[in-house]
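Scroll down for the structure; my scribbles are underneath it.
The values are calculated or read from the model by the stated rules, or taken from the named source; none is laboratory data. Please read all numbers here as calculations on a predicted model, not as lab measurements. Because the Cβ atoms are built from the backbone with ideal geometry, glycine has one as well, and the counts that use them run over all protein chains shown. Note: accessible area is taken over every heavy atom of the protein model, side chains too, but ligands, DNA and RNA are not part of it. Shrake-Rupley method; radii C 1.70, N 1.55, O 1.52, S 1.80 Å.
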Amino acid sequence: MRQRTCLLAALAAAALLLTACGTEHAGAGSPGASAGPSRNGVEDPGKDGVRITSLTLPPGPASPSRSASASVDDPAGHAGISVDDPSKDSGIVAFFEITNKGAQSLTYSVVVTFMSGDGGAMAQQTATVRDVGPGKTVRGSVRAGHLPPSTPRVTRAKVLEVTKVPAGEAPAAPGTCPASGIRVSADEGNAAMGLRVVGLHLDNCGTRDYSVEGYPLLELMDSDFNAVHGITIRHGGGVTTEAGPDEQPRPVTLKPGESAIAALVWRNTTLSGTAVNVPHVRVRAKAGAEPVTVTPHLDLGTTGELGVKPWTRAKATGARE
């Protein structure tokens with residue numbers, strides 16, 4: 001009888017111990033558990049109202065992946081980069097915050113650089129956030145995208161460049177068509193021997209023919225979108241002969257799906273005087289057309305001149321006819 005009583009007491013004690021301890025599951029800190037990605041706070045002074053707030057890093061070295069694709073806008077105020085195949089993404093994500101301290105709604109283009117411990121740039125991606133109201137703060141994210149296996153481990157990120165334009169004049173997002181049926185944009189341009197050339201592109205993405213003749217109408221603006229005065233705009237790109245012969249303007253009618261191109265041409269020669277930089281150009285395809293603000297960052301030096309070439313029908317490859 002005494003032995004039976006002791007046995008029951010031992011069993012009760014064991015049951016109590018199991019109830020108190022619970023069932024152990026694999027997880028952080030347990031043998032065989034795999035560590036998940038970590039989200040780390042970032043001390044970033046930011047730039048032009050945009051700063052990195054945190055960085056998500058995967059455990060261990062970055063895995064090979066395909067590069068990130070187009071920027072994505074979220075009406076809730078979150079922007080990011082979509083990836084062709086998320087399963088192959090590096091898993092590195094920078095979260096940022098935008099505060100519009102201006103008096104009008106703005107569309108932001110944010111370039112983020114992902115860096116290793118020694119400060120080297122490992123990847124660079126861009127996110128676009130549209131329609132940020134005055135005084136508003138929105139948050140977004142951007143993925144590092146492609147990182148080969150040999151890439152040093154990313155440990156931090158910073159805002160490299162911020163471009164902002166009035167929301168109502170922002171270039172249309174890739175793959176979209178404005179209500180006007182006309183899409184205006186600027187390319188990255190090229191430079192040689194001090195000569196700068198930036199192409200202006202006019203795409204008829206609508207359903208009707210669209211005609212232009214002559215030169216795009218330009219307004220030069222500073223970083224606060226105020227007019228820049230004292231710059232002579234020369235039709236025909238007459239600031240130099242190196243950009244090719246001046247072309248005579250002629251009527252161009254674009255059928256749906258067709259495009260035309262013009263060009264901004266300048267030299268950034270700096271002699272005596274104060275160099276002029278024009279970050280923004282408001283472009284109208286023709287009189288009465290809706291304005292679009294592009295950001296070619298015209299470093300005009302002290303020349304005080306900007307050349308513009310007329311609209312010319314573009315071939316399918318983008319070359320001028």
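Condition test on ARG196, is it among the basic types (Lys, Arg) and at pLDDT 90 or above? It would help to see each step written out before you state the result.
Values: among the basic types (Lys, Arg): yes; at pLDDT 90 or above: no.
No, not satisfied.
Scan the stretch 206-229 residue by residue and report those that are under 18 Å from GLY288 (Cα atoms) and in a loop (DSSP other than H, G, I, E, B).
Selection gives GLY206, ARG208, ASP209, GLY214, TYR215, PRO216.
Taking the condition of being part of a loop (DSSP other than H, G, I, E, B) and open to solvent by 30 Å² or more (accessible area, probe 1.4 Å), how many residues in the stretch 176-196 meet it?
Result for the stretch 176-196: 9.
Only residues that are modelled with pLDDT under 95 and touching a Lys or Arg at 6+ places or on another chain (Cβ under 8 Å): list them for the stretch 144-159, please.
Those that are modelled with pLDDT under 95 and touching a Lys or Arg at 6+ places or on another chain (Cβ under 8 Å): GLY145, HIS146.
Among the residues of the stretch 259-275, how many are hydroxyl-bearing (Ser, Thr, Tyr), open to solvent by less than 60 Å² (accessible area, probe 1.4 Å) and in contact with a Ser or Thr (Cβ under 6 Å, 6 or more places away or on another chain)?
Looking only at that region, the number is 1.
Could you grab the pairs with beta carbons closer than 6 Å, sequence gap of 6+ or different chains, first residue in the stretch 149-164 and more than 30 Å from ASN100 (Cβ to Cβ) and among the β-branched types (Val, Ile, Thr), second one open to solvent by less than 70 Å² (accessible area, probe 1.4 Å) and modelled with pLDDT under 90?
Pairs that qualify, where the first residue is more than 30 Å from ASN100 (Cβ to Cβ) and among the β-branched types (Val, Ile, Thr) and the partner is open to solvent by less than 70 Å² (accessible area, probe 1.4 Å) and modelled with pLDDT under 90, are THR151/ALA62.
Going through PRO245, PRO256, PRO249 one at a time, which residue ends up being modelled with pLDDT under 95 and open to solvent by less than 70 Å² (accessible area, probe 1.4 Å)? Let's see the steps before the verdict.
Details: PRO245 fails: open to solvent by less than 70 Å² (accessible area, probe 1.4 Å); PRO256 fails: modelled with pLDDT under 95.
Just one listed residue meets the conditions, PRO249.
I'm trying to understand the selection: among the residues of the stretch 280-307, which are at pLDDT 95 or above and more than 20 Å from PRO178 (Cα to Cα)?
Answer for the stretch 280-307, where residues must be at pLDDT 95 or above and more than 20 Å from PRO178 (Cα to Cα): just HIS280.
Just give me the residues in the stretch 231-242 being open to solvent by less than 70 Å² (accessible area, probe 1.4 Å) and modelled with pLDDT of 80 or more, in sequence order.
ILE231, THR232, ILE233, GLY236
Cβ-Cβ below 7 Å, separation at least six or inter-chain, first residue in the stretch 278-298 and in contact (Cβ under 8 Å) with a residue 12 or more places away in the chain and surrounded by 21 or more Cβ atoms within 10 Å (Cβ to Cβ), second in a strand (DSSP E or B) and among the basic types (Lys, Arg): which pairs?
THR293/ARG282
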